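Colleague: Sharing a structure, written as structure tokens. Questions coming.
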Number of protein chains: 2
Amino acid sequence: MTQTKPSIDLSSLMSLCKRRGFIFQSSEIYGGLASTWDYGPLGVELKRNIKDLWWRKNVWERDDMVGLDAAILMHPQVWVTSGHVANFNDPLTECKSCNARIRPDHIKVIKVVSSEGQELGLVSYNGAMAITESKELRERADAVAKAAGQKFGKYEETGTAADFPIAQVPCPQCGAKAGNLTEPRLFNLMFDTYLGPVKAEDKKVFLRPETAQGIFVNFNNVLTATRKKLPFGIAQVGKAFRNEITTGNFIFRTREFEQMEIEYFVKPQQGESAYLEWVEDCLNWYCNLGVKRENLRIRPHDPEELSHYSTGTSDIEYMFPWGWGELSGVASRTDFDLKAHSNATGQTMTYFDEETKEHITPYVIEPSMGVERALMVFLLDAYNEEEMPAGGGKSETRIVLRLHPALAPVKVAVLPLSRNEKLAPLSSDVFNIVRRSGINGMVQFDDSQSIGRRYRRQDEIGTPLCVTVDFDSLEDKSVTIRERDSMQQVRVKTDDLVGELKKRLGG
Amino acid sequence: MTQTKPSIDLSSLMSLCKRRGFIFQSSEIYGGLASTWDYGPLGVELKRNIKDLWWRKNVWERDDMVGLDAAILMHPQVWVTSGHVANFNDPLTECKSCNARIRPDHIKVIKVVSSEGQELGLVSYNGAMAITESKELRERADAVAKAAGQKFGKYEETGTAADFPIAQVPCPQCGAKAGNLTEPRLFNLMFDTYLGPVKAEDKKVFLRPETAQGIFVNFNNVLTATRKKLPFGIAQVGKAFRNEITTGNFIFRTREFEQMEIEYFVKPQQGESAYLEWVEDCLNWYCNLGVKRENLRIRPHDPEELSHYSTGTSDIEYMFPWGWGELSGVASRTDFDLKAHSNATGQTMTYFDEETKEHITPYVIEPSMGVERALMVFLLDAYNEEEMPAGGGKSETRIVLRLHPALAPVKVAVLPLSRNEKLAPLSSDVFNIVRRSGINGMVQFDDSQSIGRRYRRQDEIGTPLCVTVDFDSLEDKSVTIRERDSMQQVRVKTDDLVGELKKRLGG
């Protein structure tokens, strides 16, 4: 009966997200803040659901896991030990003229060639510039040709600034001639700020670039307080910050983001099997929440991608509109982190194995995922446009988010057939009963416009169930439950409504 | 039968929090980071419960409220408009010698007086220094006397550096003589950092010092997406940061903290009544979650404390171990914020009143509370030490956290009478059934030590219910539920266990 179109493109998703209140540009009335996003009334519920489901599954439903919530600000030496101060860098060249800092491999370089085919010099531009439309680029090429005493002939695409001596590349930003770009230097991706009023080096702290280190430094405290036995894990959800040079693809790569991370500690000989289990577990988490298996893949890192201490890392990838992209990572990190912190602080960070009577440093498996990326994937994968017969031989398009009920921001919408004073009291009663029934999420009431339009509005935001109150309801004490995906309707007694709704929502 | 002692002092609370895994000092193995705290396995659950209960009550159970989750990083102009760039300041004096920056009213100043009663000069110290024990202070006083050609006689306490010309006050930090402290200047309490690689003024951004502004700047977006009618509110939970000069009292005042804020928009003429309702509502929130009414009070701000635009502000205060302290604030802010952002951006930020056919700027009531302060109050208020008969005419002390069940980090503990292979299978079954029953929170299993000690361990962390599996259970398919506060025990069929537990936990 219905036909399903392929998934949504990015700009349509962004438009839907803004229109329906999932995601707004941060500080939009001030012109926005680059690659920063706010989560609106529906977005915040979806985000909460993702985090709560992850917590329930990984903490509450396991007996080998406890939670943690470490502060964003940590002792700066933590990031020296972790390697982030030394190694968490991008190489950047700086223009002496305009002070722009740019990654050389993001600077597109083209040769300017005379009509006789003679190479006259280079011009450059950054990726965002549309070369064929750019008057500015043409002027730069003319200037290069003129300086060589020639007329501009044509462009010859050649690569990026990383392929040339930087001294030969003009500034892509302001057009300053070759010689103005400095040798690339490493730029640390951690945001820094100062604790207290003095901006001195010894007061500098970082916004954590990952939540993981908060777990490692608390290993002893957690072990002492909980008396957990290996294998056990510590789970954490929280914000992290990276001063990325390249952001974009909506909420895919942003400077402020939220992570859900686990450090799962095992005896060294269990490292390999635990790693493989967690890779499967991470993949299944998405599948169990409705993401189509064919849109996911496991990509083990090549040996040259691996950190020197890692015995294996796999990404869970999703087929985004622009291709495969990372969604989660699972890393087998050996005893590197605990030993590094132990060496740096002089604190013993070991576990006493009662079987062998030995103090051992556990190995650790680190499953890590981004909340925003998960949210984006759930939206992308749930989005459907369906052609439906609309009578008279015509068809209409139904937009429906086929979100797993546990993810849906609105669980139930209560819809009187029409805005009518006879229906109002019962509709209101039904709404209040459902809203206070302990259903884990939002319940909406809507009595505007036609019932058909209201169903479409709820379909578009993924509401699994609508409850319709009609004039028969006043007589038969029954209401209609309408199911989002099948659009099937069933009549139930109002007394049985809450139980029926909970059953259909899965608990 | 039992007798209750007064509440816990701060250092005992901190010790309990560390020992049982509620709260650890941040980066403790690195010597800690000043006034920054991490929430351990129990603390993170308590914190989650507080936030979830607040969200459920204020968002899900109301039909006049929606949620929001704005980013921590916002456009810097937001903080110009809000007044935080200009006015969110502490006055600080700086020592030219050691570069310490200190609030003048935190510098204690004493006169050095010769034995003949002649004033010889001033010495200073900061509050943390214990004057009578300080050899250093004595040496400083000797130096002052010597410079005046006299022998030191005695101290005469006089006040703080705010009471003297700053040029007469020596540095309390390094002891540099009078004349080294600069005139106090204002120091902004917002943390700043830089977006992107260039540390230029126009790339400076702030870590938000409050969540409220994220709501105001999204007013139009939320209104358009949700089509809400006045009165309605927008609720938000999230981190905020203040570079406080004075921190302390455990988690009471920290530089990184979490807020639960509402901006409740009303027609101007409803401002006063909505304000009064929200003050009551905030107070009741704590009472309904078990905080004793006599430990709470409402303190309306004096007219001179009020912001110029506010028509009324009240704090909800709690009787902390050091006296009354702020727990929540409710402010009636008129149309100040929306108008300020509208003026700054040129965007219309009004609401169309369908009754009067007018575009109006709503008034706003702002109930605001801190998650960590709420957590601290719930712990303080729940803490009890009870003297209980221990047989033989002796008594023992039972520590019990009388937390509201909805707040308790562990909802149910499953305890086999002893660690025994006969009891193990059934105990394990019971544990798994309870853990996966949909109870909203953690369920623990503990088979170590004596049953009495395990009850005490659960009492100390506020677990409302223990389920004991004993040898009779193998025969009668029943287990014992033991209630934390009354210590009463009832026998229930394992088939009825989940229902009984849920009933006792309140749904």
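The values are calculated or read from the model by the stated rules, or taken from the named source; none is laboratory data. Because the structure is predicted, anything quoted here is derived from the model rather than measured. Backbone-built Cβ (ideal geometry, glycine too); neighbour counts: all protein chains shown.
Colleague: State whether one or more residues within segment A:458-481 are within 14 Å of chain B (Cβ to nearest Cβ), surrounded by fewer than 19 Cβ atoms within 10 Å (Cβ to Cβ) and charged (D, E, K, R).
Modeller: yes
Here's the yes/no breakdown for (1) more than 8 Å from every other protein chain (Cβ to nearest Cβ); (2) free of Cβ contacts under 8 Å to residues at least 40 places away in the same chain; (3) not in a loop (DSSP other than H, G, I, E, B):
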{"position": "A:196", "(1), (2), (3)": "no, yes, no"}
{"position": "A:205", "(1), (2), (3)": "no, no, yes"}
{"position": "A:213", "(1), (2), (3)": "yes, no, yes"}
{"position": "A:228", "(1), (2), (3)": "yes, no, no"}
{"position": "A:235", "(1), (2), (3)": "yes, no, yes"}
{"position": "A:239", "(1), (2), (3)": "no, no, yes"}
{"position": "A:246", "(1), (2), (3)": "yes, no, no"}
{"position": "A:250", "(1), (2), (3)": "yes, no, no"}
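Colleague: Is it true that some residue in segment A:177-184 is modelled with pLDDT of 95 or more, in contact with a strand residue (DSSP E or B) (Cβ under 8 Å, 6 or more places away or on another chain) and of a type in the set (Asp, Glu)?
Modeller: Restricting attention to segment A:177-184, the residues satisfying the condition of being modelled with pLDDT of 95 or more are none.
No, every residue in segment A:177-184 fails to be modelled with pLDDT of 95 or more, in contact with a strand residue (DSSP E or B) (Cβ under 8 Å, 6 or more places away or on another chain) and of a type in the set (Asp, Glu).
Colleague: Does residue A:223 satisfy being in a loop (DSSP other than H, G, I, E, B) and among the hydrophobic types (A, V, I, L, M, F, W, C)? So that I can check it myself, show each step before the final result.
Modeller: Numbers: in a loop (DSSP other than H, G, I, E, B): no; among the hydrophobic types (A, V, I, L, M, F, W, C): yes.
Considered against the rule, which asks whether it is in a loop (DSSP other than H, G, I, E, B) and among the hydrophobic types (A, V, I, L, M, F, W, C), residue A:223 comes out as no.
Colleague: Determine, yes or no, whether residue A:448 is crowded, with 22+ Cβ neighbours inside 10 Å, free of Cβ contacts under 8 Å to residues at least 60 places away in the same chain and not β-branched (Val, Ile, Thr). So that I can check it myself, show each step before the final result.
Modeller: Working: crowded, with 22+ Cβ neighbours inside 10 Å: no; free of Cβ contacts under 8 Å to residues at least 60 places away in the same chain: yes; not β-branched (Val, Ile, Thr): yes.
So residue A:448 does not fit the description; no.
Colleague: Something else about it: May I ask you to list the residues in segment A:292-321 that are more than 28 Å from residue A:87 (Cα to Cα) and either over 15 Å from the mean Cα position of the chain (by Cα) or assigned to a strand (DSSP E or B) (or both)? Walk me through how you get there before you give the answer.
Modeller: The initial filter retains those residues of segment A:292-321 that are more than 28 Å from residue A:87 (Cα to Cα), namely A:292-297, A:319-321.
Those that are more than 28 Å from residue A:87 (Cα to Cα) and either over 15 Å from the mean Cα position of the chain (by Cα) or assigned to a strand (DSSP E or B) (or both): A:292, A:293, A:294, A:295, A:296, A:297, A:319, A:320.
Colleague: Same structure, new question: Could you tell me whether any residue of segment B:414-428 is within 32 Å of the chain's Cα centre (by Cα) and either more than 24 Å from residue B:387 (Cα to Cα) or charged (D, E, K, R) (or both)? So that I can check it myself, show each step before the final result.
Modeller: So in segment B:414-428, the residues within 32 Å of the chain's Cα centre (by Cα) come out as B:414.
From what is left, the residues that are either more than 24 Å from residue B:387 (Cα to Cα) or charged (D, E, K, R) (or both) are B:414.
So far as segment B:414-428 goes, yes, one or more of its residues are within 32 Å of the chain's Cα centre (by Cα) and either more than 24 Å from residue B:387 (Cα to Cα) or charged (D, E, K, R) (or both).
Colleague: Next question, about the same structure. Among all residue pairs at least 6 apart or on different chains, which show Cβ distances below 9 Å where the first residue, located in segment B:171-184, is of a type in the set (D, E, K, R) and the second is at pLDDT below 85 and assigned to a loop (DSSP other than H, G, I, E, B)?
Modeller: B:177/B:97
Colleague: Please tell me if residue B:436 is touching an Asp or Glu at 6+ places or on another chain (Cβ under 9 Å), more than 18 Å from residue B:388 (Cβ to Cβ) and within 14 Å of chain A (Cβ to nearest Cβ).
Modeller: Values: touching an Asp or Glu at 6+ places or on another chain (Cβ under 9 Å): yes; more than 18 Å from residue B:388 (Cβ to Cβ): yes; within 14 Å of chain A (Cβ to nearest Cβ): yes.
Taking the combined requirement at face value, the residue satisfies it.
Colleague: Which condition does residue B:484 not pass, out of (1) touching a helix residue (DSSP H, G or I) at 6+ places or on another chain (Cβ under 8 Å); (2) surrounded by fewer than 17 Cβ atoms within 10 Å (Cβ to Cβ); (3) not aromatic (Phe, Trp, Tyr), if it passes all the others?
Modeller: Every listed condition holds for residue B:484 apart from (2).
Colleague: Turning to a different aspect of this structure: Please go through segment B:244-254 and give me each residue that is touching a Pro at 6+ places or on another chain (Cβ under 9 Å) and under 21 Å from residue B:369 (Cβ atoms), ordered by number.
Modeller: Listed by number, the list holds a single entry, B:249.
Colleague: Now for a separate question. Scan segment A:318-327 and give yes if some residue there is surrounded by fewer than 14 Cβ atoms within 10 Å (Cβ to Cβ) and in contact (Cβ under 8 Å) with a residue 24 or more places away in the chain, otherwise no. Steps first, answer last, please.
Modeller: Step one: filter segment A:318-327 for residues surrounded by fewer than 14 Cβ atoms within 10 Å (Cβ to Cβ), giving A:322-323.
This time we only want the ones that are in contact (Cβ under 8 Å) with a residue 24 or more places away in the chain, so: A:322.
Checking segment A:318-327: at least one residue is surrounded by fewer than 14 Cβ atoms within 10 Å (Cβ to Cβ) and in contact (Cβ under 8 Å) with a residue 24 or more places away in the chain.
Colleague: Moving on to the next point. Given (1) away from chain B (no Cβ under 12 Å); (2) more than 30 Å from residue A:171 (Cα to Cα); (3) surrounded by fewer than 20 Cβ atoms within 10 Å (Cβ to Cβ), where does residue A:8 come up short, assuming only one miss?
Modeller: With (1) away from chain B (no Cβ under 12 Å); (2) more than 30 Å from residue A:171 (Cα to Cα); (3) surrounded by fewer than 20 Cβ atoms within 10 Å (Cβ to Cβ) applied to residue A:8, the lone miss is (3).
Colleague: If I ask for residues that are within 17 Å of residue A:397 (Cα to Cα) and touching a strand residue (DSSP E or B) at 6+ places or on another chain (Cβ under 7 Å), which ones from segment A:453-474 would you list? Let's see the steps before the verdict.
Modeller: Step one: of segment A:453-474, the residues within 17 Å of residue A:397 (Cα to Cα) are A:453-462.
If the condition is that a residue be within 17 Å of residue A:397 (Cα to Cα) and touching a strand residue (DSSP E or B) at 6+ places or on another chain (Cβ under 7 Å), then A:454, A:455, A:456, A:458, A:459, A:460, A:461, A:462 are the ones that fit.
Colleague: Further question on the same structure: Being over 30 Å from residue A:245 (Cα atoms) and in contact with a Phe, Trp or Tyr (Cβ under 9 Å, 6 or more places away or on another chain) is the filter; apply it to segment B:215-226 and report the residue that is nearest to the other protein chains (Cβ to nearest Cβ).
Modeller: From segment B:215-226, those over 30 Å from residue A:245 (Cα atoms) are B:219-220, B:222-226; that's our starting set.
Keeping just the survivors that are in contact with a Phe, Trp or Tyr (Cβ under 9 Å, 6 or more places away or on another chain) gives B:219, B:222-223, B:225-226.
On the way: B:219: 9, B:222: 6, B:223: 10, B:225: 3, B:226: 6 Å.
Among those residues, the one meeting the criterion is B:225.
Colleague: Does segment A:330-349 hold any residues that are touching a His at 6+ places or on another chain (Cβ under 9 Å) and surrounded by 18 or more Cβ atoms within 10 Å (Cβ to Cβ), and which are they?
Modeller: Answer for segment A:330-349, where residues must be touching a His at 6+ places or on another chain (Cβ under 9 Å) and surrounded by 18 or more Cβ atoms within 10 Å (Cβ to Cβ): A:331, A:336, A:349.
Colleague: Name every residue in segment B:156-178 that is within 33 Å of the chain's Cα centre (by Cα) and under 24 Å from residue B:117 (Cβ atoms), in order of residue number.
Modeller: Passing the criteria: B:159, B:160, B:161, B:163.
Colleague: Here's another thing I want to ask about it. Filter segment B:415-440 down to residues that are exposed (fewer than 15 other Cβ atoms within 10 Å of the Cβ), among the hydrophobic types (A, V, I, L, M, F, W, C) and in contact (Cβ under 8 Å) with a residue 40 or more places away in the chain, then give me how many there are.
Modeller: Total meeting the criteria: 0.
Colleague: Right, here's the next one. Output the residue which, of all residues in segment B:68-102 that are assigned to a loop (DSSP other than H, G, I, E, B) and within 9 Å of chain A (Cβ to nearest Cβ), is nearest to the chain's Cα centre (by Cα).
Modeller: B:72
Colleague: Give just the number: which of (1) at pLDDT below 95; (2) crowded, with 18+ Cβ neighbours inside 10 Å does residue B:364 not satisfy?
Modeller: The number of the failed condition is (1).
Colleague: Taking into account only those residues within segment A:179-194 that are more than 8 Å from every other protein chain (Cβ to nearest Cβ) and assigned to a loop (DSSP other than H, G, I, E, B), which is surrounded by the fewest Cβ atoms within 10 Å (Cβ to Cβ)?
Modeller: My answer is A:183.
Colleague: Taking into account only those residues within segment B:252-263 that are more than 10 Å from chain A (Cβ to nearest Cβ) and of a type in the set (A, V, I, L, M, F, W, C), which is surrounded by the most Cβ atoms within 10 Å (Cβ to Cβ)?
Modeller: Pass one, segment B:252-263, residues more than 10 Å from chain A (Cβ to nearest Cβ): B:252-253, B:259-263.
Retained after the next criterion (residues that are of a type in the set (A, V, I, L, M, F, W, C)): B:252, B:260, B:262.
Values: B:252: 22, B:260: 22, B:262: 27.
Among them, the one singled out is B:262.
Colleague: Can you go through B:490, B:412, B:443, B:400 and tell me which one is without any contact (Cβ under 8 Å) to a residue 40 or more places away in the chain, assigned to a strand (DSSP E or B) and touching a helix residue (DSSP H, G or I) at 6+ places or on another chain (Cβ under 6 Å)? First the steps, then the outcome.
Modeller: Values: B:490 fails: touching a helix residue (DSSP H, G or I) at 6+ places or on another chain (Cβ under 6 Å); B:412 fails: without any contact (Cβ under 8 Å) to a residue 40 or more places away in the chain; B:400 fails: without any contact (Cβ under 8 Å) to a residue 40 or more places away in the chain.
On inspection, the qualifying residue turns out to be B:443.
Colleague: I'm checking my understanding of the structure. Among residues of segment B:190-222 that are under 30 Å from residue A:102 (Cα atoms) and aromatic (Phe, Trp, Tyr), which one is farthest from the chain's Cα centre (by Cα)? Explain how you work it out, then say what you get.
Modeller: Within segment B:190-222, the subset under 30 Å from residue A:102 (Cα atoms) is B:190-208.
Applying the additional criterion that residues be aromatic (Phe, Trp, Tyr) yields B:191, B:194, B:206.
Details: B:191: 19, B:194: 28, B:206: 22 Å.
Result: B:194.
Colleague: Of all residues in segment A:39-67, how many are over 30 Å from residue B:228 (Cβ atoms), outside any helix (DSSP H, G or I) and within 7 Å of another protein chain (Cβ to nearest Cβ)?
Modeller: Number of matching residues: 4.
Colleague: Moving on. Among the residues of segment B:16-28, what is the count of those that are buried (at least 23 other Cβ atoms within 10 Å of the Cβ) and either at pLDDT below 95 or within 7 Å of chain A (Cβ to nearest Cβ) (or both)?
Modeller: 4
Colleague: If you check residue B:159 against the conditions, is it of a type outside the set (Lys, Arg), assigned to a strand (DSSP E or B), touching a residue at least 40 places away in the same chain (Cβ under 8 Å) and crowded, with 16+ Cβ neighbours inside 10 Å? Even if it seems obvious, please write down each step before you answer.
Modeller: Details: of a type outside the set (Lys, Arg): yes; assigned to a strand (DSSP E or B): yes; touching a residue at least 40 places away in the same chain (Cβ under 8 Å): yes; crowded, with 16+ Cβ neighbours inside 10 Å: no.
It is false that residue B:159 is of a type outside the set (Lys, Arg), assigned to a strand (DSSP E or B), touching a residue at least 40 places away in the same chain (Cβ under 8 Å) and crowded, with 16+ Cβ neighbours inside 10 Å.
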